[in-house]
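What follows is a short report on a single structure.
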Amino acid sequence: MAWALGVVGVAVSGLGAFLHARAFYFGWLAALSVWIGWPLGSLSLLLIHRLTGGRWGDALRPYLRAGTATLPLLLPAILPVLIGLPVLYAWARPEQAPHLANSFYLNVPFFLGRGAAYLILWLGLAAFALFTSPANTRVAAIGLPLLALTFTFAIIDLTMSLDPAFNSSVYGMLQGAGAVLFALSLAVVPAAWTAKRDAVADLGKLLLALVVLWAYLDFMQFLIVWESNLSHDAGWYQARMSGGWAWAFTAQAAFHFALPFGLLIVPGIQRNRAAMAAIAVLLAFMAALRGWWTVLPAGQRPVGWIELACMCGMLGCGAGLAASLGRTQLVQRHV
Amino acid sequence: MSDDVVLGHPTPAAVTDRICGIVLHERVGLWWWIALAASSALLGLGVVSVGWLFWKGVGVWGIDWPVVWGFAIINYVWWIAIASGGTFISALFFLVRVDWRTSINRIAETMMLCAAASAGIYPILHLGRPWFFYWLFPYPNTMTLWPQFRSPLLWDFMALLTYVVASVLFWYFGLLPDLAAMRDRARGRGAQMFYGVLAFGFRGTGGQWRHYKAAYGIMAALMAPLVVSVHSVVGLDFAGGETTGWHSTQFPPFFVFGALLSGFATVILLVIPMRHYFSLQTYITERHFDALGKLMVVSSLCMAYAYIMDVFTTFYGPDPADKTMFVARMFGRYAFVYWSTILFNVLLPQLLWVRRLRLNQPVLILVCLGAIVGMWFERVEIVVTSLHRTTLPSAWGDYWPTFWDWALMAGTIGLFLTMFLLLIRIVPTMSIAEMRELVRKREA
């Protein structure tokens, strides 16, 4: 079913590319920026578990491994972004790039070069996490800080640079926390049913901790931009707090933080498998909304059928691939 | 290396005997008197410097335009960070059920209390007219005086006050069963009365333990977000300003990372001599140093990440004044401050990747001392180098601390050490109740 959703989504978004290229490029970038959190968030959780151990990781391992194994999907998925660079980014347009103060960093050759380096490192780390024995911790310890740094710079390139004037030092940390939360939510959906009873409560606590961390970082960024009220920073929020996006902003506060937080602090809910799965599904949906809210205002685009098709296509293909790989020797060998 | 958190098989009774004995029955060593004399001398110097400050005013310090925030804010942030690191060990690691926390949580909490006291006096002194400090608080008055609720400084006051009160309560509440044990073990009537009053009638009944455990868990759950909030608000004090180098959205978590690094370092520096002088090798093992050393590496890597983002966003961002300031920070007259920060907070702790070095106490002491000095330099870097290159070049100026700045700083170090030395002679240096539980669990 996931494959069907993915294939139909990709086909419809392909049609959208012909009819309305701009909508497609922004919709695809939003979907990609959400999906990339799944393999990379899963990878980071696998590496963390190698170093710390704990019941939570044992319960999640098969799903995290399946999520990590989908990383090669990035290779075809990045192509529309590369083709649409001048549509998406002011710094990729020859007429605008020379006027930008940060064009020394935001330029097409440098973007492609560092992007290729990130990709090689991520694929290497994913291969390490999938193919080596869990007792091998050294590479995990070195890999985690590298993953954090490369993810930060990659997500700055992909989404923060949509508005070249916007400059937030916590952006990478915030998006990283969001990515790990997204990956954890997707792993908790099946793990809530398969984990041992004690481990379910551990998953609830971990989910709670990440919800709080994400909300803390998000609120700190908002608070500092609000109280400083500088045009280049506040403008980023202004575009995302006017019109229909104001609802998306409020919905994130309510359903990406307040409701899951209120539910997850109740010990009875932490132990309830159905409730845990439902909260994880809610968090995954909110991550998708967050992706649209981050990317689409930069292109003055609402969420239309093309954007919806892109998100379904990307996440559907990711889920289909994860489910298929989950049954293979690749994922099963260390489970 | 032994991975045990306790060496051998001490019985619960032996735990109580050993820990109570340190305070109740053992004579203090000469080292304690020498340390107390030295720290009291520093404290005395601090008292003199505060007296001189009150007599002459804040002009005795090196602060002037444009560097109007000097040692007072640098040392406040430095001390409160050290305190916060202690809370992380005692509260956060309690919540995540880390077994090695049991032996060192009391040392961490006592350290937090002393560091919070040293931190707390700075903002009061920095007010210029400290006798009006209560004006910070929104209270009904006839002067139409009302604090600015949009200012992080007001929230800093609130957060610090809440943190200090909650820390004292958390520390004291954790002490209750131990004070009761001390009361029961004390031989002299005076000591029995003293600990009896402090124990608030704790008798160790089933009902009392049930309530105690539930309340302690709730307090730990409150302390963990509180410590993040107090240091985040300190970060917001800076990030809310338009000053070059301060408007950075990562400041709240960045300040929390710094708190972890300096707090862990201070705990290690206190644990090493206490383990030696009180012969606590049974309860503080290599496992503790291994775990704390790893935490030093993790917090140092977090700092490195924040430093990288600091450089990156400055040059990526649109503000030319920020860039000018940062070049001055790296290559100007305060360059030694910036590079010392990098050396002590990022490079030196990387030694602790190697397990052999984590267990080598001279190396550990060197790295931890380095981290504490490095964190102090970082605050100098944030406060002084940002302010000395403001957006208006005609207003540029330097800052150098005076004798009285150093004297007050020495005084706060004296206050910290004096308080700590006295407290470890009055209250148990480890949680007897938790240690007994740990020992029992291991035997089971």
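The values are calculated or read from the model by the stated rules, or taken from the named source; none is laboratory data. Source: prediction; values computed, not measured. Note that each Cβ is placed from the backbone with ideal geometry, even for glycine, and that neighbours are counted across all protein chains shown. Calculation scope for accessible area: heavy atoms of the full protein, side chains included, ligands and nucleic acids excluded. Shrake-Rupley method; radii C 1.70, N 1.55, O 1.52, S 1.80 Å.
Rounded to two decimals, what is Rg over Rh for segment A:123-219 when you use alpha-carbon atoms and the Kirkwood radius?
Working: Rg = 16.0 Å, Rh = 15.5 Å.
My calculation of the ratio gives 1.03.
Of the residues in segment B:302-343, those shielded by at least 20 Å² of accessible area once partner protein chains are present, compared with the chain alone at a 1.4 Å probe, are B:Tyr305, B:Ile308, B:Met309, B:Phe312, B:Thr313, B:Phe315, B:Tyr316, B:Pro318.
The long axis of helix B:251-277 is offset from the longest Cα principal axis of chain B by roughly 40 degrees. Loop-located trypsin sites (Lys or Arg not before Pro) across segment A:192-254 with a Cβ neighbour count of 15 or fewer within 10 Å are A:Lys196, with loop assigned by DSSP.
Positive contributions from Lys and Arg (+1) and negative ones from Asp and Glu (-1), summed over other residues with Cβ under 14 Å from the Cβ of B:Phe255, come out at -4.
For segment B:1-58, applying the loop criterion from DSSP together with a ceiling of 10 other beta carbons within 10 Å to the trypsin sites (Lys or Arg not before Pro) yields B:Arg27. Label-to-label distance, B:Leu269 versus B:Arg129, with points set 7 angstrom from Cα along the beta-carbon direction: 3.7 nm.
Burial here means at least 40 square angstrom less accessible surface with every protein chain in place than with the chain by itself, probed at 1.4 Å; in segment A:156-189 the buried residues are A:Asn167, A:Ser169, A:Met173. Positive contributions from Lys and Arg (+1) and negative ones from Asp and Glu (-1), summed over other residues with Cβ under 15 Å from the Cβ of A:Asn102, come out at -2. Diffusion of chain B by Stokes-Einstein, at 25 °C in a medium of 0.890 mPa s and with Rh set to the Kirkwood radius over alpha-carbon pairs, works out to 106 µm²/s. Charge dipole of chain B (Cα centre as origin; +1 on each Lys and Arg Cβ, -1 on each Asp and Glu Cβ, all else neutral): 1200 debye, rounded to the nearest 20. Computed over chain B, relative contact order equals 35 percent, with contacts defined as Cα pairs under 8 Å that lie 6+ residues apart.
Please give the average number of partner chain Cβ atoms lying within 10 Å of the Cβ of each residue in A:211-223, rounded to a whole number.
What the average comes to for A:211-223 is 3.
The trypsin sites (Lys or Arg not before Pro) of segment B:182-273 that meet both conditions, a loop assignment by DSSP and at most 14 other Cβ atoms within 10 Å of the site Cβ, are B:Arg187, B:Arg203. Taking the charge dipole of chain A about its Cα centre, with +1 at Lys and Arg Cβ atoms and -1 at Asp and Glu Cβ atoms, the residue from A:Ala127, A:Val212, A:Leu174 reaching farthest to the positive side is A:Ala127. Between segment B:422-444 and segment A:188-237, what is the separation of their alpha carbon centroids in Å? Comparing the Cα centres of segment B:422-444 and segment A:188-237, I get a distance of 36 Å. Normalising by residue count, segment A:211-335 has a Cα convex hull of 154 Å³ per residue.
Bridging of B:Lys294 to lysines at a Cα separation below 25 Å is possible for A:Lys205, once same-chain residues fewer than 8 apart are set aside.
Just the number, please: buried accessible area between A and B, total of both chains, 1.4 angstrom probe, nearest 100 square angstrom.
Details: alone 14550 and 19610 Å², together 31390 Å².
Answer for the A-B pair: about 2800 Å² buried.
The Stokes-Einstein estimate for segment B:52-161, based on a Kirkwood radius over Cα pairs and taken at 10 °C with 1.306 mPa s viscosity, is a diffusion coefficient of 98 µm²/s. What length, rounded to one decimal in nm, is gained on full extension from B:Leu145 through to B:Arg440, with 0.36 nm per residue of separation minus their alpha-carbon distance? Separation in residues times 0.36 nm, less the Cα-Cα distance, equals 100.4 nm. Rounded to the nearest 10 degrees, the angle from helix A:197-228 to the longest Cα principal axis of chain A is 20 degrees.
When the alpha-carbon atoms of the protein assembly as shown are used, the pair Rg, Dmax equals 27.6, 92 angstrom. Roughly to the nearest percent, how much of the accessible area of segment A:2-332 is carbon and sulfur, given a 1.4 Å probe? Within segment A:2-332, the accessible surface is 73 percent carbon and sulfur.
The calculated P(r) of segment B:1-82, using every Cα pair and 10 Å bins from 0, goes 13, 22, 23, 19, 14, 9, 0 in percent. The aspartates and glutamates whose alpha-carbon is closer than 16 Å to the alpha-carbon of A:Lys196, local same-chain residues fewer than 8 away aside, are A:Asp58. Helical runs (DSSP H, four residues minimum) scored at -39500 (n - 2.57) apiece and divided by the length of chain B put the mean residue ellipticity at 222 nm at -23000 deg cm²/dmol. The residues of segment A:2-332 expose, per residue, 38 Å² of accessible area to a 1.4 Å probe.
Take the alpha carbon atoms of chain A, find their radius of gyration, then divide it by 2.2 N^0.38 Å using N residues; give the quotient. Walk me through the numbers before you get to the answer.
On the way: Rg = 19.3 Å, N = 335, 2.2 N^0.38 = 20.0 Å.
It is 0.96.
For segment A:2-332, the relative contact order works out to 37 percent when only alpha carbon pairs closer than 8 Å and six or more residues apart are counted.
Peptide A:135-141 has a mean of 1 when you count, residue by residue, the C-beta atoms of other protein chains within 10 Å of its C-beta. Each of the GluC sites (Glu not before Pro) that DSSP puts in a loop and that has at most 13 other Cβ atoms within 10 Å breaks chain B; the longest unbroken stretch is B:27-241. Computed with a 1.4 Å probe over protein heavy atoms only, the accessible surface of segment B:1-146 comes to 45 Å² per residue.
Using only alpha carbon pairs under 8 Å that are at least six residues apart, calculate the relative contact order of segment A:26-140 and give it in whole percent.
33 percent
For segment B:301-444, the alpha carbon positions stretch 69, 37, 26 Å along the principal axes, listed from largest to smallest. At a probe radius of 1.4 angstrom, the accessible area of segment B:206-354 per residue rounds to 32 square angstrom.
Between B:Ala335 and B:Leu422, take the C-beta separation as r, use R0 = 41 Å, and let me know the FRET efficiency to the nearest 0.05. The pair B:Ala335/B:Leu422 has a calculated efficiency of 0.50.
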